[in-house]
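Here is the structure we will look at.
The values are calculated or read from the model by the stated rules, or taken from the named source; none is laboratory data. For clarity, every value in this text was computed on a predicted model and none was experimentally measured. Note that each Cβ is placed from the backbone with ideal geometry, even for glycine, and that neighbours are counted across all protein chains shown.
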Amino acid sequence: MPHIAPSYTGRFAPSPSGPLHFGSLVAALASYLDARHNCGRWLVRIDDIDPPREQAGAADLILQTLEAHGLHWDDTVLWQSQRREAYRELLATLEQKDLIYPCDCTRQDVKAMGGIYNGHCRHARPRHGNTAWRLKLYDLPGVLAKLPDTLSFTDALAGVQQQNLAREVGDAVVVRKDGLFGYQLAVVADDIHQGITHVVRGSDLLPVTARQIRFFEILQQRTPIYAHVPVACGADGRKLSKQNQAAALDNRNACANLWQALVFLRQNPPRELAHSDCASLLHWATQHWRLNALAGVPLSTNMENT
Ligand code: GLU
Ligand code: ZN
């Protein structure tokens, strides 16, 4: 049978650093509805490549919570911790093509560079000790040399975005000094591996999107379409996150939680569905989904560097 690439494959990719809270439900629901409304596939991936930041049992709790909310995924869950071999192979290919290099610069070194890594180790021999590995994002060798320093893309919600990868970003860490794989490497490798065509996620990741797109370009892979939805902030104005102990969702209120998330996503859910059941509410929401209802809603400008 010929392999036909589906026209829409989306995903939700939580890091298991804590149980699902309202902010992550919003992101999960937006990606789910955008996929289902477009008759697409919706995958779940557990981004568990950073054990020091993980909480025992969190991944299972996240999956249980998604199911309790009726957010059923296609295929089996992909675990990044099972993908180390693939990441190693990708790194070997990148090294062969002179696209990555060891870097032993410290945090203080980067600070002294003005906070953006200036490519120092592209030409310097590592001095000592543990090295990280960085991916060149600009001034690339060979056929990639034509890629411009400034990367522009259109986010389906946030509109035209532009970043100068040399001046505003700097070469990306793909292997950390502690030997763990970098987040950008794993995300891009897995979005390619899973055939992701559409990424709908929280706007806290908007600032790292240009470097991810450059990574796709370097690998000569088709770039997904991105839509960054507003992130939910707590009463203190800070983004709800597992790190600041946002309250875990109560699965007993699943339908009401979904209804609230739909309100946050500006979908105008009918009041009478707030006390129905997840399946009915999701059915309504899938039919009526309008990503554009979020156009113009302020995105958080949290520049957290992942
Ligand atoms: N695992 C990442 C996070 O929870 C998100 C990855 C992504 O959606 O690209 O922040
Ligand atoms: Zn360096």
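Structure values in brief
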read-out: Residue within the range 45-61 that is closer than 19 Å to Ile225 by Cα, away from ligand 2 (no atom under 16 Å from the Cβ) and touching a strand residue (DSSP E or B) at 6+ places or on another chain (Cβ under 9 Å) present; value: yes
read-out: Sole residue being touching a Lys or Arg at 6+ places or on another chain (Cβ under 7 Å), under 28 Å from Gly195 (Cα atoms) and modelled with pLDDT of 95 or more, chosen from Asp74, Asp60; value: Asp74
read-out: Residue in the range 11-19 that is within 24 Å of Gln260 (Cα to Cα), touching a Lys or Arg at 6+ places or on another chain (Cβ under 9 Å) and in a helix (DSSP H, G or I) present; value: no
read-out: Cross-chain or 6+ apart pairs with Cβ under 8 Å, the range 111-127 first and closer than 16 Å to Ala172 by Cα and more than 10 Å from ligand 2 (Cβ to nearest atom), then modelled with pLDDT of 95 or more and assigned to a helix (DSSP H, G or I); value: Ile116/Val110; Ile116/Arg167; Ile116/Glu168; Ile116/Val169
read-out: Filter result for the condition that a residue is surrounded by 13 or more Cβ atoms within 10 Å (Cβ to Cβ), in a loop (DSSP other than H, G, I, E, B), of a type in the set (A, V, I, L, M) and within 16 Å of ligand 2 (Cβ to nearest atom), over Leu137, Leu71; value: Leu137
read-out: Matching entry among Leu94, Leu99 (being surrounded by 19 or more Cβ atoms within 10 Å (Cβ to Cβ), more than 22 Å from the chain's Cα centre (by Cα) and among the hydrophobic types (A, V, I, L, M, F, W, C)); value: Leu99
read-out: Condition check for Thr93: among the polar types (S, T, N, Q), more than 12 Å from ligand 2 (Cβ to nearest atom) and assigned to a strand (DSSP E or B); value: no
read-out: All positions within the range 177-227 that are within 16 Å of ligand 2 (Cβ to nearest atom) and either closer than 17 Å to Leu94 by Cα or in contact with a His (Cβ under 7 Å, 6 or more places away or on another chain) (or both); value: Gly182
